[in-house]
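S.K.: Got a structure here, written out as structure tokens. Questions coming.
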Amino acid sequence: MNNLILTNEDQGVFTVTINRFDKKNALNSSMYLQLCDAFEYANTSESVRCLLIQGNNECFCAGNDLQDFLENSDDIVALKFIKKLAEFNKPLIAAVAGVAVGIGTTLLLHCDMVIAADNSKFKLPFTQLGLCPEAGSSYLLTQRLGYNKAFELLVLGELFFAEDAKNYGIVNQVTAKDDVIATATKIAQTIAKLPADAVSTSRSLIRQASDETLKMMMASEAEEFIRLVNTPDCKAILTSFFK
């Protein structure tokens, strides 16, 4: 279990690798706690200038491990990670390839830059699972895309692809899958070499207008998510995956 989240620090870049490829990098409670620890370290370490989160060139993250999610519905550790994500105060870069489902997509909305491989597939299947949006996505997607498109992505939950994500403002750049990790790493290294105070100040100024609204929306989402995950509809849907 201890090798499902890997970390490495090099020249100011702290790389977090989701490493559960046999399960398409689905996140369980233990992995969420490890992610919380990794983000906390990066947030407080003076040597870390930038965090890069990645899978490999075939898979980013298939969302929650549904079995684990069902077994731990009274203590949703994912919400603790989401809080850490929103509070993270250093540049955050993502390298995305293959599936990016649920939290695998919504965490990207908190990133400062996202590089996606041309094999990337995104999906937000919250209502299909009897749930509601999380990680501030009900606000962040509406802010970027307007109400109608945000409703389409979050309620219909249909699959979309790398070029779509770029057009939606979720992704900065689309690369060949063999280049995605190297491209994102190079960008993270470039950011890490810039004057830290200037980068931090610029990031804060860019984000400050939406920060308070985001906190309020994330609190509302968390409250409703906890309610919905314990409804008969949601429990029946999640259970049906294992029959």
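S.K.: Of all residues in region 170-191 being of a type in the set (A, V, I, L, M) and assigned to a helix (DSSP H, G or I), which is farthest from Glu224 (Cα to Cα)? Can you show your working first?
M.R.: Filtering region 170-191 down to residues of a type in the set (A, V, I, L, M) leaves 170-171, 174, 176, 180-182, 184, 187-188, 191.
Applying the additional criterion that residues be assigned to a helix (DSSP H, G or I) yields 180-182, 184, 187-188, 191.
Values: Val180: 35, Ile181: 36, Ala182: 39, Ala184: 34, Ile187: 37, Ala188: 35, Ile191: 37 Å.
So the residue we want is Ala182.
S.K.: Pull up region 100-122, narrow it to residues that are of a type in the set (D, E, K, R) and in a loop (DSSP other than H, G, I, E, B), then point me to the one that is farthest from Pro195 (Cα to Cα).
M.R.: Per the criteria, the residue is Asp118.
S.K.: What is the number of the single condition among (1) in contact with a Ser or Thr (Cβ under 8 Å, 6 or more places away or on another chain); (2) buried (at least 23 other Cβ atoms within 10 Å of the Cβ); (3) touching a residue at least 60 places away in the same chain (Cβ under 8 Å); (4) of a type outside the set (A, V, I, L, M) that Thr106 does not meet?
M.R.: Going through the list (1) in contact with a Ser or Thr (Cβ under 8 Å, 6 or more places away or on another chain); (2) buried (at least 23 other Cβ atoms within 10 Å of the Cβ); (3) touching a residue at least 60 places away in the same chain (Cβ under 8 Å); (4) of a type outside the set (A, V, I, L, M), Thr106 breaks only (3).
S.K.: Working carefully through the options Leu4, Leu27, Leu52, Leu66, find the one that is modelled with pLDDT under 95 and of a type in the set (A, V, I, L, M, F, W, C).
M.R.: Leu66
S.K.: Go through region 107-143 and report how many residues are touching a helix residue (DSSP H, G or I) at 6+ places or on another chain (Cβ under 8 Å) and within 15 Å of Ser210 (Cβ to Cβ).
M.R.: Total satisfying the criteria: 12.
S.K.: Let me ask something additional. For Leu238, which of the numbered conditions (1) buried (at least 16 other Cβ atoms within 10 Å of the Cβ); (2) modelled with pLDDT of 90 or more fails to hold?
M.R.: (2)
S.K.: If we only count helices (runs of 4 or more DSSP H) wholly inside region 1-99, which ones have 1 or more residues that are crowded, with 17+ Cβ neighbours inside 10 Å, under 14 Å from the mean Cα position of the chain (by Cα) and aromatic (Phe, Trp, Tyr)?
M.R.: 29-44, 77-87
S.K.: Let me ask something else. Being among the polar types (S, T, N, Q) and surrounded by fewer than 14 Cβ atoms within 10 Å (Cβ to Cβ) is the filter here, so list the residues in region 203-219 that pass it.
M.R.: Ser204, Gln208, Thr213, listed by residue number.
S.K.: Could you say whether any residue in region 187-206 is of a type in the set (Gly, Ala, Ser) and closer than 20 Å to Cys59 by Cβ? Full working, then the answer.
M.R.: From region 187-206, those of a type in the set (Gly, Ala, Ser) are 188, 192, 196, 198, 200, 202, 204; that's our starting set.
If we keep only those that are closer than 20 Å to Cys59 by Cβ too, we end up with 188.
The answer is yes; a qualifying residue exists.
The values are calculated or read from the model by the stated rules, or taken from the named source; none is laboratory data. Every value quoted in this text rests on a predicted model; they were computed, and no experiment measured them. So basically every Cβ, Gly included, is an ideal-geometry build from the backbone, and we count neighbours across all protein chains shown.
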